[in-house]
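The values are calculated or read from the model by the stated rules, or taken from the named source; none is laboratory data. These figures come from a predicted structure and were not determined experimentally. Positions of Cβ are generated from backbone atoms using ideal geometry, with glycine treated the same way; all protein chains shown enter the neighbour counts. For the accessible areas, the whole protein counts, side chains as well, though only heavy atoms, and no ligand, DNA or RNA atoms are used. Shrake-Rupley method; radii C 1.70, N 1.55, O 1.52, S 1.80 Å.
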Amino acid sequence: MEHGSLADSSASSFSIVEEDHTLANSVRFVLNQDPRVAFCGYSIPHPADNKVNIRVQTTGDPAKDVMKDALQDLMVMGQHVRATFDKAVADFKSNIPAEQMDVDANK
């Protein structure tokens with residue numbers, strides 16, 4: 001949910017439910033790397049709430065567009081990390097002879 005002003009689209013707050021510091025800090029990091037962002041921060045209203053509020057102020061571009069770009073960049077980063085990890089696991093498994101692998105199902 002976006003909370004912003006109709007008169008000034010360069011500053012908005014976004015509430016994301018069912019999320020915590022993991023996503024909020026990652027989004028904050030990506031947003032702060034964007035030269036269009038003048039300020040970015042996040043808060044969690046209450047520890048019992050699974051909700052984060054992310055505040056974005058830009059140098060002029062609509063905050064909604066900058067936030068969307070940051071989330072897409074974060075998704076691409078996650079996909080890259082996953083692909084790199086999966087490749088490393090496959091490479092590791094292919095270099096270990098089967099008799100050295102621990103395949104005991106009773107453990």
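Numerical summary
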item: Point-charge dipole on Cβ atoms (K/R +1, D/E -1) for the chain, about Cα centre, debye to 20; result: 160
item: Taking all pairs of distinct alpha-carbon atoms in the chain, Kirkwood radius in angstrom; result: 16.4
item: Percentage relative contact order, the chain, counting C-alpha pairs under 8 Å, at least six apart; result: 25
item: J(HN,Hα) series, segment 73-89, from Karplus relation 6.51 cos²θ - 1.76 cosθ + 1.60, nearest Hz, glycine and proline x; result: 4, 5, 5, 5, 4, x, 5, 5, 4, 4, 5, 5, 5, 4, 5, 5, 5
item: Two-site FRET efficiency, Glu18 against Asn95, from Cβ-Cβ distance with R₀ of 41 Å, rounded to 0.05; result: 0.55
item: Computed accessible area, Ser9, all protein chains, 1.4 angstrom probe, square angstrom; result: 60
item: Gain upon complete extension [Asn32, Asp73; 0.36 nm per residue less C-alpha separation]; result: 13.5 nm
